[in-house]
2 protein chains.
Amino acid sequence: MSAVSSGRYSRQNFILLLLIILQLDLHTVEGVWPLPQDFTRSTERYPLNPQAFHFGYGKQSVVQQGCSVLDAAFKRYFSLIFPDYTSDNLSVSEKKAFLNAETVWGAVKGLETFSQLVYQDDFGSYFVNKTVMEDFPRFQFRGILLDTSRHYLPVQTILKTLDAMAYNKFNVFHWHIVDDPSFPYQSRTFPSLSSKGAFHPMTHIYTQSDVRRVISYARLRGIRVLPEFDSPGHTDSWGKGQSDLLTPCFRRGTPSGSFGPVNPALPSTYQFMARLFKEVSSVFPDSYIHLGGDEVDFSCWKSNPYVRTFMHKMGFGVDFKKLQAFYMENIMNITSALNKTSIVWQDVFDYHERRSSLSVVEVWRQGCYLCEVRKVAKAGIRVILASPWYLDQPGPTRNWAHYYTVWPLAFKGTEEQKKLVIGGEVCMWGEYVDATNLTPRLWPRASAAAERLWSDEKQTSSLDKAFPRLQDFRCKLVRRGIQAEPLYIGHCKHEYQDV
Amino acid sequence: MSAVSSGRYSRQNFILLLLIILQLDLHTVEGVWPLPQDFTRSTERYPLNPQAFHFGYGKQSVVQQGCSVLDAAFKRYFSLIFPDYTSDNLSVSEKKAFLNAETVWGAVKGLETFSQLVYQDDFGSYFVNKTVMEDFPRFQFRGILLDTSRHYLPVQTILKTLDAMAYNKFNVFHWHIVDDPSFPYQSRTFPSLSSKGAFHPMTHIYTQSDVRRVISYARLRGIRVLPEFDSPGHTDSWGKGQSDLLTPCFRRGTPSGSFGPVNPALPSTYQFMARLFKEVSSVFPDSYIHLGGDEVDFSCWKSNPYVRTFMHKMGFGVDFKKLQAFYMENIMNITSALNKTSIVWQDVFDYHERRSSLSVVEVWRQGCYLCEVRKVAKAGIRVILASPWYLDQPGPTRNWAHYYTVWPLAFKGTEEQKKLVIGGEVCMWGEYVDATNLTPRLWPRASAAAERLWSDEKQTSSLDKAFPRLQDFRCKLVRRGIQAEPLYIGHCKHEYQDV
């Protein structure tokens, strides 16, 4: 199934038919989050008998048993639908439910929706209302960034986040895997990067097998893994395991002993990067790669006489933006030769003169972010919006409303330009976040972004309507073992239990 | 051991001598949190052999084996000191450590300190430096309030919090057990209060056995349980299971169908309260009881003609503060007849004319809280300070500094008046907090308050000095399974592992 690594859900002409034995009472029925595009639910309800319930492939389906993604999803969703199934005495209904999807990934999301339609009455019996639904995402890119450099996140924590992402129909895990404080990625080609640059060379690293496990776990849930190897800034930890990579800073004509961004003046830098990205490109199968490019501090470059000589030779004068653009061009050439589409932070767009060489720009700065979205779209470049969804800052859960009332297309532009906004991303930076507080800080606030990115804007503009549905969904997350924090006073039928 | 319920640690004239086989390298030694009063640590270190290590009672000790509190503490602290003990080959040292304490509760705290002095080298061997220490708390009342009405907290979550409290040397669990949203306390005398007033009559209640378990668990850790049954306001949930308790509100001369605070005009109110508090006083052995008395909205009382008639009869005119004072006097008479010392929120002090009848006032309002502390102390009444430690509001972990730089005695007053400030309390209200986010929201920010309440102010006035010690202590909490959030970029040797 290459669709997960194709970068977009390809609209292949096959149809999946999934048979689901059905069931339903409109007043006791909880909602679906994110809200489906089209949705008619009757009050007619059907009981579901866990002993007789099964998923199956329709006769006309182009995929059949043996499709690993759906076989695994069937098993997973059976447990999610019947969380306390032991045995039951419901009457078997002969009814069937049909799920048509163009891709297996669409089918996986359909199973998630179906699982949210099932409810239990006070006696524990399962029901589903008669429902007709058509659904598709508003934006194709719905991401969550985790930062595993400022704090190391155990693999188990990442997998748990992938579970919660699937429940919210997020489809991109943006893995900000390395940064200044630590380099936990264990490279085959350059093992010193993690053995010297990680917080601990054995316990605080991601081995090749860890990375494969994350990618495979994500893939089964319809989630792509987008790796970010941010440079030339944010690379302090790289320098520990790779000498001559970072720029030596000078003070009064002599090296000060401290180092700045990657040294863009040395050919060895690009040889190193070519080898590193060759490895990264094969380890991470996604067709996209994030190259960072944000927040480059020019002062160290300025202090270094060899960098200044190089600038002169290249005809950059004293314009260090040109130097940064030159560096990024080189990196983008390396990755495009590896058949990867590159994503960069907005800084690269802002400083770049040959903007046409950019593929996708991620807007992250606060302030008038829609002004920036508009600029990028006007330049004909695809945009991902992150600014309004910086969730790493702690805040009251009630500020979910801030993340919900975001209108990514509310800028002046043509239809063509608006289509260039391919989606958005929740950013969970790691200064104050590790495995102890990631989950309650992320959920359910990220769910607000999830609905904004999936659902129709007109149907989801009311906070008052969204609130009870989100409260209910948050309880569903808790029931599924996700430590999602409460929105306000109240309770869930099944509270989170400490262990 | 009645000291736990005596309200204060009585200074009995007995001496405990605990023998501990000792061990230490000043540079690798981590600190102790909260900081002991007097502390001399040499660089001389002793290895600790878990196979030969034991705690014991000194010959001169007035308590010996069979003291349930210390026998249990020995067992607990052995596991805390040797977290990954399996077997070891260290040489046995003949050295002994002595712990002299006036009370078993002091000994329990000494064990906590000792456990923080032990560290492991890179090979996993245990060491302790030669150390001489004298320690005692600056304030006798060091509390944490948990609110189990706005969200229900499972018993397991409360026990885990008691563990973390013991590690921080907190000694009072203020159990704000009921409030407007729900009444989870299952009363023997009035079972309807929880069967009708809890979020769920079976799953969201504290049975008598739950309460006993919490009290006994707390007691073994040197923590008193201070129950709060807040009235006459904050009682919506009481009205569901007890008719005629709350005041019917009137609109245009007829009952509106809604209810206000407890009805102070009916004799049946006081009969009910006498029976309830009689039960509560026997269930909770602590000599203190918290009676609330905060935030009473007078509008419903004002609307009710029967209440107004009662006011007239009592000679209160239209001064509803007098009515509230009358109500509180009655409740305080009930509890003092039950040999309980009552604590009230500052509102009662502010509105009360006969202030001399008050025992302990808890200051909680924001603004110039030291002005209020001063007023209460000038009136000769004991004070507990809570205002600066409202931790339920989410905030960056870095704002631990706000909770650390609090100077409870920085008001103009005599030495006698300052002695009336018996301590402080961290408040964790439940609007946005339940078992999913309680722990990372509480720890390590509450640790800042813990040190302020325990340690010498002069020795702990520097944030820069406290920061690395607090970071280290936070890692200790994580190692002990407490989901304490990170203070800033970095790592712990043993990270929190999701389960």
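Summary of computed values
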read-out	value
Among (1) surrounded by 23 or more Cβ atoms within 10 Å (Cβ to Cβ); (2) more than 14 Å from chain B (Cβ to nearest Cβ) - the single one A:SER216 does not satisfy	(1)
Qualifying residue in segment B:343-364 (condition: closer than 21 Å to A:GLU485 by Cβ and part of a strand (DSSP E or B))	no
Those residues of segment B:157-207 which are touching a Gly at 6+ places or on another chain (Cβ under 6 Å) and more than 30 Å from B:GLU451 (Cβ to Cβ), in sequence order	B:PHE183, B:SER192, B:LEU193, B:LYS196, B:GLY197
Filter result (of a type in the set (Gly, Ala, Ser) and in contact with a helix residue (DSSP H, G or I) (Cβ under 6 Å, 6 or more places away or on another chain)) within segment A:326-370	A:SER342
So A:PHE467, is it hydrophobic (A, V, I, L, M, F, W, C), away from chain B (no Cβ under 12 Å) and open to solvent by 30 Å² or more (accessible area, probe 1.4 Å)	yes
Qualifying residues in segment A:389-407 (those that are more than 19 Å from the chain's Cα centre (by Cα) and β-branched (Val, Ile, Thr)) - the one most open to solvent (accessible area, probe 1.4 Å)	A:THR405
Odd one out for A:LEU442, checked against (1) at pLDDT 95 or above; (2) within 14 Å of chain B (Cβ to nearest Cβ); (3) over 18 Å from A:ASN168 (Cα atoms)	(3)
Residue within segment B:107-115 that is crowded, with 20+ Cβ neighbours inside 10 Å and in a loop (DSSP other than H, G, I, E, B) present	no
Per-region count, segment B:183-207, residues part of a helix (DSSP H, G or I) and within 14 Å of chain A (Cβ to nearest Cβ)	2
Scan of segment A:154-182 for residues that are within 13 Å of another protein chain (Cβ to nearest Cβ) and not in a loop (DSSP other than H, G, I, E, B), ordered by number	A:VAL155, A:GLN156, A:THR157, A:ILE158, A:LEU159, A:LYS160, A:THR161, A:LEU162, A:ASP163, A:ALA164
Breaking point among (1) more than 12 Å from chain B (Cβ to nearest Cβ); (2) over 18 Å from the mean Cα position of the chain (by Cα); (3) open to solvent by less than 30 Å² (accessible area, probe 1.4 Å), for A:VAL426	(2)
Residues satisfying the stated conditions in segment B:49-81, i.e. of a type in the set (A, V, I, L, M, F, W, C) and not in a helix (DSSP H, G or I)	B:ALA52, B:PHE53, B:PHE55, B:VAL62, B:VAL63, B:CYS67
Residue among A:ALA386, A:ALA337 that is within 23 Å of the chain's Cα centre (by Cα) and of a type outside the set (Val, Ile, Thr)	A:ALA386
A:GLU415 of a type in the set (Asp, Glu), open to solvent by 50 Å² or more (accessible area, probe 1.4 Å) and at pLDDT 95 or above	yes
Residue within segment B:489-499 that is closer than 18 Å to B:ASN399 by Cα and within 11 Å of chain A (Cβ to nearest Cβ) present	yes
Segment B:320-356: number of residues that are farther than 17 Å from B:SER231 by Cα and either touching a Leu at 6+ places or on another chain (Cβ under 9 Å) or modelled with pLDDT under 95 (or both)	4
Checking B:THR439 against (1) among the polar types (S, T, N, Q); (2) under 30 Å from A:GLN471 (Cα atoms); (3) assigned to a helix (DSSP H, G or I); (4) open to solvent by less than 10 Å² (accessible area, probe 1.4 Å), the condition it does not meet	(4)
Strands (runs of 3 or more DSSP E) completely within segment A:208-278 that count 1 or more residues being assigned by the TED database to the domain that holds A:LYS302 and among the charged types (D, E, K, R)	A:224-228, A:246-251
Flag for A:SER231 being open to solvent by less than 10 Å² (accessible area, probe 1.4 Å) and more than 14 Å from every other protein chain (Cβ to nearest Cβ)	yes
Among (1) out of contact with any helix residue (DSSP H, G or I) (no Cβ under 9 Å at 6 or more places or on another chain); (2) surrounded by 17 or more Cβ atoms within 10 Å (Cβ to Cβ); (3) more than 9 Å from every other protein chain (Cβ to nearest Cβ) - the single one A:LYS476 does not satisfy	(1)
Elements of type helices (runs of 4 or more DSSP H) in segment A:369-436, at least 2 residues being assigned by the TED database to the domain that holds A:LYS160 and under 20 Å from A:ASP294 (Cβ atoms)	A:369-378
Subset of segment B:84-106 that is closer than 26 Å to B:CYS475 by Cβ and surrounded by 14 or more Cβ atoms within 10 Å (Cβ to Cβ) - its residue that is modelled with the highest pLDDT	B:LEU99
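The values are calculated or read from the model by the stated rules, or taken from the named source; none is laboratory data. Values in this document were obtained by computation on a predicted structure and should not be read as measured data. FYI the Cβ positions are ideal-geometry reconstructions off the backbone, even for glycines, and counts take in every protein chain you see. Ligands, DNA and RNA are stripped out before the accessible areas are found, and what is left, the full protein with its side chains, is counted by its heavy atoms. Shrake-Rupley method; radii C 1.70, N 1.55, O 1.52, S 1.80 Å.
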